[in-house]
């Protein structure tokens, strides 16, 4: 579901069986929040059940930095000698893959290192030896302002089968509850089962805005005219109801062309 509030657009996942995801692109990153689910290569899901920080993150969401959950209750390490920690456990592995070839648990501590690579290569700090996971798949990073985040920056090309973050938290999935309202940004890629939609937010020209206003004004005038006619006929004892039309609201459109997603096997 797409919602417009105060001129800003949001997306909300209402799905139960098939839930929606946000794809990580070359110039975007998503803040890792507690209870988040991440899909690596469409073959393995990890549930991030512990996320702690050195300080409360202050970075605001933007077109390059997404924050999916509205909850700002960040866990901050009370002991200044303790590092920020992120922990995740696998919750699902594709039947086409060997479950023994993954790390059952990811545990990262930002002592002297703030960037952790994820991939099929044994050189990565998080080693997932599944054929659909790229050798250099993505990275999990820590920054005092952003907190923990996941991205595919600094590579020549994106991973073959993608990195995705589910719109719903693990708890929202379990409870069959809708996701939070997630801000939409131009260029954001939404993933629905086997299709991806790229958001294209287009600003209307003044002429278009004027024409839309004329449509709304005309519809409201017609509504007032029919309402006055209804009152007059009712007063005269004529019980035949007048037709009352709902006012027309014209929102700025979100153009999201669909393209079929192809699943690749990484060599």
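Please build a GNM for the chain, connecting alpha carbons under 10 Å apart, and tell me which residue among 123, 153, 23 fluctuates the most.
Among 123, 153, 23, the largest GNM mean-square fluctuation belongs to 123.
When DSSP beta bridges are limited to those with both residues in the chain, what percentage is antiparallel, rounded to the nearest 5?
Numbers: 53 of 59 bridges.
Counting DSSP beta bridges with both partners in the chain, the antiparallel share is about 90 percent.
Along the three principal axes, how long is region 16-97 when you take its alpha carbons, biggest first, rounded to the nearest angstrom?
Principal-axis extents of region 16-97 (Cα, largest first): 44, 28, 26 Å.
Could you give the angle, 0 to 90 degrees to the nearest 10, between helix 206-235's Cα long axis and the longest principal axis of the Cα atoms of the chain?
Roughly 50 degrees, rounded to the nearest 10.
Determine which residues of region 60-81 fall in the zone a paramagnetic label at residue 144 would reach in this model, i.e. backbone nitrogen under 20 Å from the point 7 Å along Cα→Cβ.
Flagged as within label range: 60-61, 74-81.
Rounded to two decimals, what is the ratio between the C-alpha radius of gyration of region 109-150 and 2.2 N^0.38 Å?
Computed over Cα atoms of region 109-150, the ratio equals 1.23.
Before rounding to the nearest 500, sum -39500 (n - 2.57) across all DSSP H runs of length at least 4 in the chain and divide by the residue total; then give [θ] at 222 nm in deg cm²/dmol.
Mean residue ellipticity, 222 nm, calculated: -4500 deg cm²/dmol.
In whole Å, what is the distance between the alpha-carbon centres of region 122-174 and region 33-93?
So the separation of the two Cα centres works out to 12 Å.
State, to one decimal in nm, how far the label point of residue 98 lies from the label point of residue 55, with both points 7 Å from Cα in the Cβ direction.
Taking the two extended label points, one gets 4.6 nm.
Could I have the simple spin-label model distance between residue 153 and residue 186, label points 7 Å from Cα toward Cβ, reported in nm to one decimal?
Reported label-point gap for residue 153 and residue 186 is 2.1 nm.
Which entry is the computed Cα extents along the principal axes in Å for this structure: (i) 78, 67, 65; (ii) 84, 44, 38; (iii) 96, 39, 33?
The calculated read-out lines up with (ii).
Sorted by packing (mean other beta-carbon atoms within 10 Å per residue), highest first, where do 10-21, 25-36, 157-168 land?
With the highest mean Cβ count within 10 Å placed first, the list reads 157-168, 25-36, 10-21.
R0 = 30 Å: FRET efficiency of residue 195 with residue 8, Cβ-based, nearest 0.05?
0.75
Could you calculate the contour length gain from residue 223 to residue 174, that is, 0.36 nm times the residue separation minus the distance between their Cα atoms, to one decimal place in nm?
This chain segment gains 13.1 nm when fully extended.
Given points 7 Å out from each Cα along the Cα-Cβ axis, report the residue 77 to residue 16 separation in nanometres with one decimal.
4.3 nm
Every read-out reported here was derived from the displayed coordinates using simple, explicitly stated rules and does not represent laboratory data. This structure is a prediction, so every number in the text was calculated from the model and none was measured. Glycine gets a Cβ as well: all are built from the backbone with ideal geometry, and neighbour counts include every protein chain shown.
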